[in-house]
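These notes concern the structure reproduced below.
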Amino acid sequence: MSGSETLPGLSVLMPVYNEIASIATILDRVKATLPGVTKEIIIVDDGSRDGTREWLTGHFPSVCDETSIVGGAAPQNEFSRECTVRVIFHSRNKGKGGAIQTAMRAATGAVLVVQDADLEYDPDDWHVMYNLIAGKKVADVVYGSRFYGKPHRSLYFHHYVANRLISLIFNVLCNQTLTDVETCYKMFTREVLKTLNLTANDFGIEIQISTQIALAQKWRIYETGIHYYGRTYLEGKKIGWKDGLKALWYLIRYRITPGN
């Protein structure tokens, strides 16, 4: 990317639920990555009960609720010259999908990426992803794969099998070659966002986003390896075997009716 080139702004969609132990660290990491790129971090607290909500209120006092962003721009807090933060509170827990949908409605950037509030994913991996979209301009969507040659923590075998099986079935149904369709790291342009019609409020949002992107058959989809610092259940991991079973059902459901 040329030093004189105006780089597209990046909206970071951050669903948060009970992440008091990691929220400060992940915000610092997001702020530090991609220097020179204007970033807005849209935090959607999804009914946290562990002190996360109070921490956000204390550090970013200009907050808004979900309804206040429908009619116009939401308040922002300056985090740095290149990075602003807006905080949206859900009055009750809606699920990861519901939080992402709220963040999407508030986003203003030309490029968007989903970032979990834990420390399993490293924002420094955005450099390659963002360059494919904004620098080389060869991609509309970039997936960050946990199974693509970068260091990742060895954890649960059944999670590994489930992720690979879900990706395989997705590829068969949608004629793709992705290795990690369930990854948090999905980066895409605003043009892609405008075509999405999302309804899933739980972890099914991962399948619904991917299905709608793949079935559109017009987006340039890339994949690159990312680091993965996975958590155990004792360390706060939330997704479980029931979510894996739901994902298999969602693969069929969203292949037949992607927007429902």
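The values are calculated or read from the model by the stated rules, or taken from the named source; none is laboratory data. Just so it is clear, the model here is predicted, and its values are computed rather than measured. Methodologically, a virtual Cβ is constructed for each residue, glycine included, from the backbone with ideal geometry; neighbour enumeration extends over all protein chains shown. Just the protein is used for accessible areas: all its heavy atoms, side chains included, with ligands, DNA and RNA removed. Shrake-Rupley method; radii C 1.70, N 1.55, O 1.52, S 1.80 Å.
Take the conditions (1) at pLDDT below 90; (2) buried (at least 17 other Cβ atoms within 10 Å of the Cβ); (3) out of contact with any helix residue (DSSP H, G or I) (no Cβ under 6 Å at 6 or more places or on another chain); (4) part of a helix (DSSP H, G or I); Ile133 misses just one of them, which is (1).
Taking the conditions (1) among the polar types (S, T, N, Q); (2) assigned to a loop (DSSP other than H, G, I, E, B); (3) touching a Cys at 6+ places or on another chain (Cβ under 8 Å) in turn, Thr179 satisfies each one other than (3).
Each residue in segment 183-217 was checked for being open to solvent by 20 Å² or more (accessible area, probe 1.4 Å) and either on the phi > 0 side of the Ramachandran plot or touching a Lys or Arg at 6+ places or on another chain (Cβ under 9 Å) (or both), and 6 of them qualify.
For first residues located in segment 9-32 and under 20 Å from Phe203 (Cα atoms) and free of Cβ contacts under 8 Å to residues at least 12 places away in the same chain, partners that are among the hydroxyl-bearing types (Ser, Thr, Tyr) and not in a strand (DSSP E or B) and lie 6+ apart or on another chain with Cβ distances below 7 Å do not occur.
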